[in-house]
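Throughout, read-outs are computed from the coordinates displayed, never taken from laboratory work. If you're wondering where the values come from, they're calculated on a predicted model, not measured in any experiment. Positions of Cβ are generated from backbone atoms using ideal geometry, with glycine treated the same way; all protein chains shown enter the neighbour counts.
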Amino acid sequence: MVFLVRGYCCLQRNMSSKMWAGYSSKGGQVSNPYGDFFVGGSSSGSAVAVASNFTSVAVGTETSASILSPAIQNSIVGIKPTVGLISRAGVIPYSYSQDTPGPMARTVEDASILLGVLAGRDDNDPATHRNKPLLG
C-alpha cells in the first residue's frame, strides 16, 4: 500500500508476527533482488524495497539483527540506534528494553539523514526523554 505523509510517498509493509524472515501475510515471501539468497530478518521487506529502488530510505525495527541482517543480505545500509534515540511509539515490541526503529538506505549519507529526522524526544516514549526537544 502506498500513502502520502507531508508530501512524502511512503510504502507500508505488512509483516506476519509468526514469520520472521521476509514473509508478508499479504504478499507472501519477500525475494532478494540479487538472486536466490536469504533476505535477512523481520525488516527484510524494508531492505528489499530499498535494494529494489522502490524507495531511497525505509524504517526497520530491530531487537536482534532485524535491521542489520536484512541490510547485509540486500547490500544496503542499516543502522541500529541506541534505544531511546528514536521513539518506539507505534512499535509492537518483542523486547521493550532492546527494540528500536532504525533507518535503512542505499547510502550512508541517506541513512544518516533519516536518522537525524527520526531522532528526538517523544512524550509517548519515556525512553526518549533525555533527547532534546524537536523544533516544531
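Mind giving me the nanometre distance, one decimal, between the label points for His129 and Asn53, set 7 Å out from Cα along Cα→Cβ?
For the pair His129/Asn53, the computed spacing is 4.7 nm.
Given a Förster distance of 22 Å, report the FRET efficiency between Gln29 and Ser112 from their Cβ-Cβ distance, rounded to the nearest 0.05. Present the calculation step by step, with values, prior to reporting the outcome.
Numbers: r = 31 Å, r/R0 = 1.41.
So the FRET efficiency works out to roughly 0.10.
Can you give the convex hull volume of the alpha carbon atoms of segment 51-109 per residue, in Å³?
Roughly 85 Å³ of hull volume per residue.
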